[in-house]
Amino acid sequence: MLNWRCNCALHASAPPTPRLHHWSENAGQQRYAGRSATVGALAEEEGHHPDIYLAWGKVRITIWTHKIDGLSRSDFVLAAKIDQR
């Protein structure tokens, strides 16, 4: 999962909820719009609800488990499946 970063730093300035983040820039807008739809469909199959931010030439995907307010195994599984698509 080289395309993902975790904000899991153990210091005071770290956000309170650990999350996995993926972002990309400078590819065609149509490619990112299609990728967002693919990620949404995959997340629905997995029963997951990632945040997907789409702007011109950019996409950011953030994954975490709301129920536990942190990361679970299913978050890493979804990230790996997204990488495979």
Across segment 41-57, the tally of residues that are at pLDDT below 85 and part of a loop (DSSP other than H, G, I, E, B) stands at 2
Of the residues in segment 69-85, those that are closer than 16 Å to Asn7 by Cβ, surrounded by fewer than 16 Cβ atoms within 10 Å (Cβ to Cβ) and of a type outside the set (Ser, Thr, Tyr) come to Asp69, Gly70, Phe76
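Here's the yes/no breakdown for (1) among the aromatic types (Phe, Trp, Tyr); (2) over 13 Å from the mean Cα position of the chain (by Cα); (3) in a helix (DSSP H, G or I); (4) at pLDDT 90 or above:
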{"site": "Cys8", "(1), (2), (3), (4)": "no, yes, no, no"}
{"site": "His11", "(1), (2), (3), (4)": "no, yes, no, no"}
{"site": "Gln30", "(1), (2), (3), (4)": "no, yes, yes, no"}
{"site": "Val39", "(1), (2), (3), (4)": "no, no, yes, no"}
{"site": "Val59", "(1), (2), (3), (4)": "no, no, no, no"}
{"site": "Thr62", "(1), (2), (3), (4)": "no, no, no, yes"}
Of those in segment 32-68 that are basic (Lys, Arg) and surrounded by 13 or more Cβ atoms within 10 Å (Cβ to Cβ), the residue nearest to Arg19 (Cα to Cα) is Arg60
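The values are calculated or read from the model by the stated rules, or taken from the named source; none is laboratory data. Bear in mind the structure is a predicted one, so any value in this text is a computation, not a measurement. Cβ atoms come from the backbone with ideal geometry, glycine included; neighbour counts cover every protein chain shown.
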